[in-house]
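Have a look at the structure below, then the notes.
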Amino acid sequence: MNETIAGISVPDTALVREATALVLDAADEAVYHHSRRVYFWGMLQSQVRGRDVDPELAYVGGLFHDLGLTTKHRTNDQRFEVDGADLAYDFLREHGRSEQEARNVWLAIALHTTPGIPDHLAPEVAVVTLGVETDVLGLNLDRIDLQQREHVLAAHPRPDFKRKILQAFYDGMRDRPETTFGTMNDDVLAHFDPTFTRENFVDIIQKNDWPE
């Protein structure tokens, strides 16, 4: 039977079960519960907006979106978002989803820290950002009914979550600081490391090899 929390179902399919197992194997408890909450928040926020979202695609987007922070799946030369996006794309193609479906989930994960863009794309792209913004930033939390919030948190609690997620961000990015340029991720490195020097977009323009 499908699992249902706050009126949102988790499809009882092989794809979903294997996605869950993959994330449980790689992520710690805080990241796992966060990733599941992102699915439920994203689906609830999409529901409020009247958007139909493929639940399997939304689930993989939510569950895989932070895999690039984990020791098992992170690289050292690209943004952590792209690490998770690549994994999700390959996973969905291997499980028979179409190129376009897999590409939409790739975009959902790759863009989930890039505000202002996903909401203009397919519902399966926007759903992950909606979930992340709700869980991490508290945006539009008032659009979700209090009882629905309580049901999600009963299943996936968030003890000490703010500290734990910031630490997970830092641990996943500190060895590749150059990948944070142009993103909000450099805020995390600056918070934890007083010696971290941010790249400056204006300096790059003014000091590059072009004479004018």
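The values are calculated or read from the model by the stated rules, or taken from the named source; none is laboratory data. Just so it is clear, the model here is predicted, and its values are computed rather than measured. Cβ: placed from backbone, ideal geometry, glycine included. Neighbour counts: every protein chain shown. Side chains are part of the model used for accessible areas, which takes the heavy atoms of the whole protein and leaves out ligands, DNA and RNA. Shrake-Rupley method; radii C 1.70, N 1.55, O 1.52, S 1.80 Å.
Brief remarks on what is shown
- Elements of type helices (runs of 4 or more DSSP H) contained in the stretch 118-189, each with 3 or more residues being farther than 22 Å from ALA88 by Cα: 146-155, 161-173
- Within the option set LEU63, LEU22, LEU15, being of a type outside the set (Gly, Ala, Ser), under 24 Å from ASP145 (Cα atoms) and surrounded by 14 or more Cβ atoms within 10 Å (Cβ to Cβ) holds for one residue only, LEU63.
- Looking across the stretch 82-102 at every residue that is touching a helix residue (DSSP H, G or I) at 6+ places or on another chain (Cβ under 9 Å) and surrounded by fewer than 18 Cβ atoms within 10 Å (Cβ to Cβ), the one that is nearest to THR183 (Cα to Cα) is identified as VAL82.
- Annotation note: of VAL136, VAL132, the sole residue that is open to solvent by less than 40 Å² (accessible area, probe 1.4 Å), on the phi < 0 side of the Ramachandran plot, modelled with pLDDT of 95 or more and hydrophobic (A, V, I, L, M, F, W, C) is VAL132.
- Reported count of residues in the stretch 191-210, each being in a helix (DSSP H, G or I) and either surrounded by fewer than 14 Cβ atoms within 10 Å (Cβ to Cβ) or in contact with a Lys or Arg (Cβ under 6 Å, 6 or more places away or on another chain) (or both), is 8.
- Given (1) at negative phi; (2) part of a loop (DSSP other than H, G, I, E, B); (3) without any contact (Cβ under 8 Å) to a residue 12 or more places away in the chain, index of the condition GLN100 fails: (2)
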